[in-house]
Amino acid sequence: MSYSLFLFDDDVTRSWDPFALTRPAGELLFGALLLRERSEKYWGSTCEGHLAQESLAGFSEPGSPPVVDPGGISQNGYRIFQSSRVALSGPAPALSQEVTSLYLDGRVVGWALPPGTHTPPRNAFRRPETIPGSRRAEVQGRILDAPWDLMTQNGDQLREDIPRFFPGYAAVEIPGCYILGNGLLSLGRGVMVEPGSLFDVSGGPIRLSDRVVVRSHTRLAGPAYVGPDSTLLGGSLSEVSIGSVCKVRGEVESTIILGYTNKGHDGFLGHAYLGRWVNLGAFTTNSDLKNNYGHVRVGGVQGPRDTGLMKVGCFLGDHVKTGIGTLLNTGTVVGAGSNLFGGRMPPTYVPPFSWGSGVDLTEFRLDRFLEVATCAMGRRGMELGEGMETVLRRAWEASRPLRSIENDS
């Protein structure tokens, strides 16, 4: 049976600062795959669209489906609507020609609808519930309830993903390098590893994707995933997921970097999540542990939220830039498009498209931001297309009231 697959952002994922402002949750990296790619593999079908907030209409990245209006989805075919914050695993359930509600851990996470069945109304995707009279089917996986769940559960997800999705490419020896432990070191095509690198697979597998470059004096400890065309420039990295076309150096621990991001200098990054097109100036460093070993509270529009976790670093939205020597406190959230510099510690919540040093933040003018974004993308051979520019313009305008909020550092 063939399916038309759609992922939807519910009210929980629409509150995932700082990422929800500029991208559907399905386009976030978790383990060795985007959440959307994971669903595609699970159902054996290409995702045809994201059902997200209307402000994301026009979202465009290579390989990603568009943001679509549920009212425009044809009822002629078999459709699966699945929550984007569910990381599915294991075998998919057998589906019939009956209307089916999908359950995971006692919660509704989507529906399977045969031809001729009406698409659920727009509000149903915000708070998914059982369709009356529907059949029940169980799926397996993880439900992610907060953005820090992506970070805290990433290591376990990597241990599942790498042997499952990248078998048969094990390296037992790399000239001039040392492999510690008996775990899996999986190599894609065209990987280049310089002598003097160490790979520790005793704690989990490592996957180096196609055309990854590893420079001398890099220590990479698994579980770890490095995406295509990324470069490790040296330093100590452990339990990381690094997306495509990144440059990373320094000490990086328990962190996800979505893609097209530069951390090309020394500095500590721990228990963090970085969006796309982020650039960290030399010695940018975040704290991920409070001096009193208490729970970390994460900044946000509605005030700090208690994570219940001892180690939480920072969450940086798309197109965030930091200057040399920037320091970020535990639980800092930096909104998309912000530009921080001057070496002073900013507040734990930085509104999107902010500009400045420390607590002295002003508005990053839209025209100047778009100039910087266009330049940064051009350096990687990418263009800021009309659709994505429209999304960023909407994000800038929608977040403008937040930039008048006085932040508590």
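Read-outs throughout are calculated quantities, based only on the coordinates presented, and are distinct from any laboratory measurement. These figures come from a predicted structure and were not determined experimentally. All Cβ positions, even for glycine, are placed from backbone atoms using ideal geometry, and neighbour counts span all protein chains on display.
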At a 10 Å Cβ-Cβ cut-off, how would you order V226, V301, V296, fewest neighbours first? V301, V296, V226
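Please identify the GluC sites (Glu not before Pro) of the range 95-181 that satisfy two criteria: DSSP loop assignment and at most 16 other Cβ atoms within 10 Å. Which are they?
Those that pass, being in a loop and sparsely packed, are E98, E129, E173.
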Per its Cα gyration tensor (rounded if a/c is under 1.5, else prolate when a/b beats b/c, else oblate), the range 78-188 is best filed as prolate
Cross-link partners among aspartates and glutamates for K290, C-alpha distance below 20 Å, same-chain residues fewer than 8 apart left out? D149, E251, E253, D306, D408
Given the peptides 267-273, 321-327, arrange them by the average over their residues of other C-beta atoms within 10 Å, most packed first. 267-273, 321-327
In the range 325-409, what GluC sites (Glu not before Pro) fall in a loop by DSSP, with at most 15 other Cβ atoms inside 10 Å? E383, E406
Relative contact order (percent, whole number), the range 239-383, Cα cutoff 8 Å, 6+ residue spacing: 16 percent
F125: net charge of surrounding residues, Cβ under 11 Å, Lys/Arg +1, Asp/Glu -1, itself excluded? 0
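Let me have the relative contact order for the range 316-364, percent, based on Cα pairs under 8 Å that are six or more residues apart.
Here the relative contact order equals 32 percent.
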Length gain on complete extension for the stretch R400 to D11, per 0.36 nm per residue less the alpha carbon to alpha carbon distance? 137.9 nm
Which of Y42, Y293, Y260 has the fewest Cβ neighbours within 10 Å, and the rest in rising order: Y293, Y42, Y260
Unit charges on C-beta of K, R, D, E only; dipole of the range 4-145, Debye: 240 debye
Using label points projected 7 Å from each Cα along Cα→Cβ, tell me how many nm separate E138 and A170, to one decimal. 3.2 nm
Nitroxide proxy distance, nm - points 7 Å out along Cα→Cβ at T374 and D210: 3.1 nm
May I ask you to sort I73, I80 by Cβ crowding, counting other Cβ atoms within 10 Å and putting the fewest first? I73, I80
How many angstrom lie between the C-alpha centres of the range 181-215 and the range 44-104? 34 Å
Less than 18 Å apart at the alpha-carbon level, and either on another chain or at least 8 residues along: which lysines does that give for K247? K263, K321
Derived scalar couplings ³J(HN,Hα) [the range 107-120; Karplus, 6.51 cos²θ - 1.76 cosθ + 1.60; whole Hz; x for Gly, Pro]: 10, 6, 10, x, 8, 10, 10, x, x, x, 7, 5, 5, x
If each of R122 and L198 carries a label point 7 Å out from its Cα toward its Cβ, how far apart are those two points in nm? 5.6 nm
Farthest positive-ward along the range 150-404 dipole, Cα basis, beta-carbon charges - from V333, H217, G250: V333
Using a Gaussian network model of the chain whose springs link C-alpha atoms within less than 10 Å, name the residue from G303, G264, G58 with the highest mean-square fluctuation. G303
Compute the length gained on full extension between K290 and R365: take 0.36 nm times their separation in residues and subtract their Cα-Cα distance, giving the result in nm to one decimal. 23.6 nm
For the chain, size of Cβ-based charge dipole, Lys and Arg +1, Asp and Glu -1, in debye: 120 debye
